[in-house]
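The values are calculated or read from the model by the stated rules, or taken from the named source; none is laboratory data. Since this is a predicted model, take the numbers as computed values, not measurements. Counting neighbours? That spans all protein chains shown, and the Cβs are built from the backbone with ideal geometry, glycine included. With ligands, DNA and RNA removed, areas are computed over all heavy atoms of the protein, side chains included. Shrake-Rupley method; radii C 1.70, N 1.55, O 1.52, S 1.80 Å.
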Amino acid sequence: MTLFVNHLTHIDASLWSPEHGLTGVSWHVDAELDGELGPDGMLFDFGEVKPWIKSRLDAGLDHTLLVPTEAAGIQVVDCAEGLCLCTQLPYRMEVRGPRQSFTLLPWPEITADRLAIHLSSELSRRPPAKVDTIRLRLRDEEIETAAYTYSHGLKHHTGNCQRIAHGHRSRLHIWRDGRRDAALEAQWAQALDASYLIHDEDLDTPFDEQPLDELSVAYQAAQGRFSLKLPRQRCHLLSTPTTIEHIAAWLADTIARDTGSRIRVQAFEGIDKGAMADAMPPATTHDDA
């Protein structure tokens, strides 16, 4: 007998791609469980399926940086913070942090299908009573309009969002003067895609003292010390923490200023959650003749 649960949970993480670099990901998780029916005529109570699998994913790779350790140009070594990841392709990056903020996988690249097989095997080693095998499927959210990926870290977060290199794949909706604007959505999704969002107070030296081609971030959080260096052109600098609430407000203010229009932004943080913000263009003044 097979029990299935679609949309069981979501995974939000970042991965290192030898082709695209640091990339945020958000996946739906579907599950199938094989086993024998019990005397109650059930294989597994639906109310127990979701928390059992979700708790194991949350304690594992969710909100970590997924690293294909056999990819070209990658080096992972021990360091004072825990682990240090250095990359060369497609650009130079260095990430340091506690071990639990990384998921190391002995592959040349990471795909959702291969990761699903890996997770299925891990969960099937110690399945719940009456369950023989667990199969997971990871899939992208189907997004027909503008979408982008980003990575960030929230040092004040009490959970795993404090990890400096975790991310999301997200929708982006923009209204200009009360009407959805597909061109603006596409423009900003392209500008944000595969980017890293930085709170300016997390820069390890003042902005004007940073290298011209690189930005360096470092902070102490509850889980430990984190730092990151990556190309400046991959970064967007905010004057606030990079929570989804502040991201939505930053986008609305920036787009309103650039377009001179009334703007509403619905910014998603991964799948089916996010924040909305409104902004008016700066008021114009005219000197008396």
Quiz item: Do any residues in region 139-155 that are in contact (Cβ under 8 Å) with a residue 24 or more places away in the chain have Cβ atoms under 7 Å from those of residues that are assigned to a loop (DSSP other than H, G, I, E, B) and charged (D, E, K, R), where the two are at least six apart or on different chains, and which pairs are they?
Solution: TYR148/ASP193; THR149/ASP193; GLY153/ARG163
Exercise. Report the residue count in region 42-75 for those that are part of a strand (DSSP E or B) and under 15 Å from LEU22 (Cβ atoms).
Key: 5
Quiz item: Which one is nearest to the chain's Cα centre (by Cα) among residues in region 252-263 that are hydroxyl-bearing (Ser, Thr, Tyr) and part of a helix (DSSP H, G or I)?
Solution: THR254
Practice problem: Quick one: in region 257-274, of everything that is touching a strand residue (DSSP E or B) at 6+ places or on another chain (Cβ under 7 Å) and not β-branched (Val, Ile, Thr), which residue is farthest from ASP193 (Cα to Cα)? | Solution: SER261
Quiz prompt | Output for region 164-182, where each listed residue is free of Cβ contacts under 8 Å to residues at least 60 places away in the same chain and small (Gly, Ala, Ser) | solution = ALA182
Exercise. Those residues that are open to solvent by 40 Å² or more (accessible area, probe 1.4 Å), outside any helix (DSSP H, G or I) and not β-branched (Val, Ile, Thr), I need them from region 90-119; list them, please.
Key: PRO90, ARG92, GLU94, ARG96, LEU104, PRO106, PRO108, GLU109
Quiz item: open to solvent by 60 Å² or more (accessible area, probe 1.4 Å) and in a helix (DSSP H, G or I): does that describe GLU122?
Solution: yes
Quiz item: Within the group ASP62, ASP58, ASP78, ASP12, which residue is under 14 Å from the mean Cα position of the chain (by Cα) and either at pLDDT below 95 or surrounded by fewer than 16 Cβ atoms within 10 Å (Cβ to Cβ) (or both)?
Solution: ASP58
Quiz item: Limited to region 15-36, what total is found for residues that are within 30 Å of TYR91 (Cα to Cα) and either surrounded by fewer than 17 Cβ atoms within 10 Å (Cβ to Cβ) or more than 21 Å from the chain's Cα centre (by Cα) (or both)?
Solution: 2
Quiz prompt | Tabulated pairs, region 222-245, first more than 19 Å from LEU65 (Cβ to Cβ) and in contact (Cβ under 8 Å) with a residue 12 or more places away in the chain, second among the β-branched types (Val, Ile, Thr) and buried (at least 17 other Cβ atoms within 10 Å of the Cβ), C-beta under 6 angstrom, 6+ apart or interchain | solution = LEU237/ILE198
Practice problem: Considering only region 129-140, state which residues are more than 29 Å from GLY21 (Cα to Cα), open to solvent by 20 Å² or more (accessible area, probe 1.4 Å) and of a type outside the set (Lys, Arg). | Solution: ALA129, ASP132, THR133
